[in-house]
Amino acid sequence: MTGSAEEIKKQALADFSKYVNPQKARVLKNAGLDIIEGKRNGACVWDITGKRYIDCITSAGSFNVGRRNPEIVSALKKALDEYDLGVFLLCSKQKADLAKKLAGIAPGDLQYVMFGVGGGEANDFAIKLARGFMMKTEIISTLKAYHGHTGFSLAAIGRDAYKKPFYPMVPGFKFVPFNDLKAAKGAMTDDTAAIILEPVQGEGGIHPATDEYLQGLRKLCDEREILMIFDEIQTGFGRTGKMFACEYSGVVPDIMTVAKSLGGNLFPISATIYREELNDFLVTHPFVHLSTFGGSDLGCIVGMAVIDFLVNNRIPEHAAAMGERFQKGFDVLLKKYPNLLLEVRRKGLMMGLQYTNDSIGPRMSYQLAQNGVMAIYTGNEPSVMRLMPVLVIQPDEVDFVIDALDKSMAAIIQQGGIEKY
Amino acid sequence: MSVIDDILSEKDPEKIRKETETNYREYLNPFVLRMFKNAGLDIIEGRREGASVWDVTGDKYIDCVTGAGIFNVGRHNREITDALKKALDVYDMGGWISIIRERGLLAKKLAEITPGNLKYSLFCCGGGEAVEVAVKLARGHTGKTEIICMENGYHGVTGFALPATGREVYKKPFAPLAPGYTHVTFNDINAVKAAITKDTAAVLLEPVQGEGGIRPADDSYLSGLRKLCTDNEILLIFDEVQTGFGRTGKMFCAEHSGVVPDIMVLAKSMSGGLYPISCAVFTEEISDFLIAHPFIIINSFGGTSLACLVALATIEFIEKNNLPERAAKMGKRFMEGLSSLKITYGELVVDVRGKGLMLGIEFPEESIGPRMASLLKKNGVISIYTFNNPRIIRIMPSLVITEEEVDFVVEAFEKSLKEIRAQESERKSKKG
């Protein structure tokens, strides 16, 4: 694997096109994102040719602790001196330790944990648990929601494009508009097992749920005996300025799913955390849900190191402060580019720039890449650019991103062709 | 001191056991713990090496469970561990949207070692997820919906994989499941023929049913399926999650029959026992669908930089050490030992079967499986019954197992069978 960086890059692009997906490679190239990641550190990633970018994609919030966080890397290395994945069928001390730690930081009386590898898997289990425990079938989800690509989660995604080629889906899913309590109420029936939602819709375009909406839902769910599932996969572990986004409203769900940043950007792990009462179902069906790689010994060690890092360094608070700094910059841009930038929606460092039309997202991705920032539009809403940098981002890096946004918007204005919204 | 130092420095086995048991009861699943205890399988894994694992108390066992085939390269393989450590000096997961060089390199390697014209790879984390991708590709590419799968098949527990699993207990509490799955008898070509309709997208099966009780498909059955699928424009999907990477004495089990599927699903041992990774490998023809829909299947943790490097190191280790050949040889040695036990303990051993180091022993009744598991543990072997069929004990040690270790396991089986025989005769004499 020798050769100049340029040669390696060329070969890597060729291999990717030939054995992974040529169209994916083309789309990324057009967005200026045909980056081959070399060095990574903190908020930054370097293309193997040496160009530095501030990573505002972070796999949709998988890198809260920073790229290649030295503390987590060293924890994983130490763990590698002793452990492997472990056998999922046996008792594991590491699994037990992380479960306890998660129960400790999760809101309210969320206590029991089922581990998985990815977020979709965690949501699949949450939905299965709701059906199994309630002995009811209907799941209410929200329009534009994103919950993952495994079967039950995919059925809960509020966008047909992801689903249509794979019909028929798992039946029993209903969709209601987000942040609309009346609609949720209207959809509830005697066969409703659960409502699933993200406290801040991520792929849907960074839409935070209002506190009143979540509190209203909690009340409705209690009255109608319906379980409430929060998908905190993108919002969890400090992203929104609290350890979990639901803390803003004070609402405690019956089931919460977490993934992404629990793996510290080093090791895949996810978890479904639920109330003690729900464990009745798993006591009668202890091996009904299995995951070979879920909650592996190494994954659990990483998870613990991540939580310690977040708690010891008060990372949620830092995220809140950096979010405020970003906001000051956005306020200036909103005034400066009203034909481009319509609105900014934000909770902590989960930030969405609402452009005036769909075409601006991809063009801004390209411009930002030229100006040293990696950012893309959201999956379900291409007029929204998502900015989700690592939470350990420093003030000068925030300013760098704001400056890159300013330069990129100026370039787009100069190119012209911005239709009025 | 960091949390990791705290954890790694705790060496008192009693303290570790107590704490783990409390945490399982309070935060994981109290019932699972009780079951482990009753089955004599309440082992808390400490040191791991080669074919062996040590309980935190220091008791050594030969691991014949290996997470149903994750540890083909051995427990805590030194070379692959070192590879991952080196990788950690430079890499992290990498952004899922970035073009990951390591992903391209691994995909290229897989295209090279998988049979026939299998070429493109889509990476995920777990086996079930990769099965889901296979089902989606089949539906997306053919524009048809029905998936024919096998009774007693096991393909995972997530939404599109679960309906393919051929056992009701896994599915019933979660109904209604995704529709469009038909189940037929395994190893019965006529059953598949009868199930085919105009809307059939694919046939999905394991070349050796694992959880279903270690049942190898006949070569003639697989060639028949290939022809049937080709004639009817139906895709053939092999789930090689348990059978792949040398387990059955060939790199992939499909090679025994020479049948090349259109999609092959890989996971488990691809991880080197260290890092979650899985994938669906498919033909160029099928890749059309993903070229038209490049971002329709997304996975944040699938095929990370680190995972791909570990998988590359794993494949290198398997090739360099000729593990498929070794599996064939050790499998033969096992088969000889177990077959002689079948003769000696004819009333207790109904059948001994398998391929390479994917072996199963069938007992005449369901109670014997769990009792054997408990006795085997006493005799230094971890081995458990298959999920879909408790009458069968599975033997799937790591492929680096030595001749002495094979003999040790066979001897442990003999001791355990002897004890069961004694228990049975005592029971009979009490009755009499």
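Side notes on the structure shown:
- Complete set of residues in the range B:244-290 that are closer than 16 Å to residue B:358 by Cβ, part of a helix (DSSP H, G or I) and among the small types (Gly, Ala, Ser): B:254, B:257, B:269
- Test: residue in the range B:409-416 that is buried (at least 23 other Cβ atoms within 10 Å of the Cβ), within 14 Å of residue B:370 (Cα to Cα) and of a type outside the set (Asp, Glu): yes
Conditions tested, residue by residue: (1) at pLDDT 95 or above; (2) buried (at least 24 other Cβ atoms within 10 Å of the Cβ).
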position	(1), (2)
A:34	no, no
A:42	yes, no
A:55	yes, yes
A:60	no, yes
A:75	yes, yes
A:108	yes, no
A:114	yes, yes
A:117	yes, yes
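- The set of residues from the range A:134-154 being in contact (Cβ under 8 Å) with a residue 40 or more places away in the chain, under 20 Å from residue A:178 (Cβ atoms) and among the hydroxyl-bearing types (Ser, Thr, Tyr) comprises A:141, A:142, A:146.
- Meets criteria (within 14 Å of another protein chain (Cβ to nearest Cβ) and under 21 Å from the mean Cα position of the chain (by Cα)) for residue B:381: yes
- The residue of the range A:384-394 that is nearest to residue A:27 (Cα to Cα), among those that are in contact with a helix residue (DSSP H, G or I) (Cβ under 6 Å, 6 or more places away or on another chain) and not β-branched (Val, Ile, Thr), is A:385.
- Residue in the range A:285-298 that is part of a helix (DSSP H, G or I) and at the interface with another protein chain (Cβ under 9 Å from one of its Cβ atoms) present: yes
- Scanning the range A:218-245 for residues that are farther than 29 Å from residue B:92 by Cα and either assigned by TED's automatic domain parsing to the domain that holds residue A:319 or in contact with a strand residue (DSSP E or B) (Cβ under 8 Å, 6 or more places away or on another chain) (or both) gives A:218, A:221, A:224, A:226, A:227, A:228, A:229.
- Any hit, the range B:68-81, residues being on the phi > 0 side of the Ramachandran plot and part of a helix (DSSP H, G or I): yes
- Among residues of the range B:346-385 being outside any strand (DSSP E or B) and of a type in the set (Ser, Thr, Tyr), the one that is surrounded by the fewest Cβ atoms within 10 Å (Cβ to Cβ) is B:367.
- Residues being at the interface with another protein chain (Cβ under 7 Å from one of its Cβ atoms) and outside any helix (DSSP H, G or I) - total across the range B:1-25: 1
- Near pairs, Cβ below 9 angstrom, 6+ apart or cross-chain, from the range B:79-107 (facing chain A (nearest Cβ under 7 Å) and more than 21 Å from residue B:320 (Cβ to Cβ)) to any residue that is part of a loop (DSSP other than H, G, I, E, B) and charged (D, E, K, R): B:88/A:68; B:92/A:68; B:98/A:34; B:99/A:34
- Filter pass, residue A:292 being in the same structural domain as residue A:228 (by TED's automatic domain parsing) and closer than 30 Å to residue B:308 by Cβ: yes
- Of the residues A:319, A:305, the single one that is more than 14 Å from chain B (Cβ to nearest Cβ), in contact (Cβ under 8 Å) with a residue 24 or more places away in the chain, outside any loop (DSSP other than H, G, I, E, B) and crowded, with 17+ Cβ neighbours inside 10 Å is A:319.
- When residues of the range B:296-317 are limited to those that are in contact with a Lys or Arg (Cβ under 7 Å, 6 or more places away or on another chain) and part of a helix (DSSP H, G or I), the one nearest to residue B:246 (Cα to Cα): B:315
- For the range B:273-306, the tally of residues that are among the aliphatic types (A, V, I, L, M) and closer than 16 Å to residue A:120 by Cα stands at 4.
- Members of the range B:47-65 that are crowded, with 16+ Cβ neighbours inside 10 Å and assigned to a loop (DSSP other than H, G, I, E, B): B:51, B:56, B:64, B:65
- Test: residue in the range A:263-279 that is more than 9 Å from chain B (Cβ to nearest Cβ) and part of a loop (DSSP other than H, G, I, E, B): no
- The sole residue among B:82, B:55 that is acidic (Asp, Glu) and touching a strand residue (DSSP E or B) at 6+ places or on another chain (Cβ under 9 Å) is B:55.
- Breaking point among (1) of a type in the set (Val, Ile, Thr); (2) more than 20 Å from residue B:80 (Cα to Cα); (3) not in a loop (DSSP other than H, G, I, E, B), for residue A:65: (3)
- Looking only at residues of the range A:333-347 that are part of a helix (DSSP H, G or I) and without any contact (Cβ under 8 Å) to a residue 24 or more places away in the chain, we find that the one that is surrounded by the fewest Cβ atoms within 10 Å (Cβ to Cβ) is A:335.
- Members of the range B:48-105 found to be of a type in the set (Lys, Arg) and touching a helix residue (DSSP H, G or I) at 6+ places or on another chain (Cβ under 7 Å), listed by number: B:85, B:101, B:103
The values are calculated or read from the model by the stated rules, or taken from the named source; none is laboratory data. All of these numbers come straight from a predicted model, not from anything done at the bench. Virtual Cβ from ideal backbone geometry, glycine too; neighbours counted across all protein chains shown.
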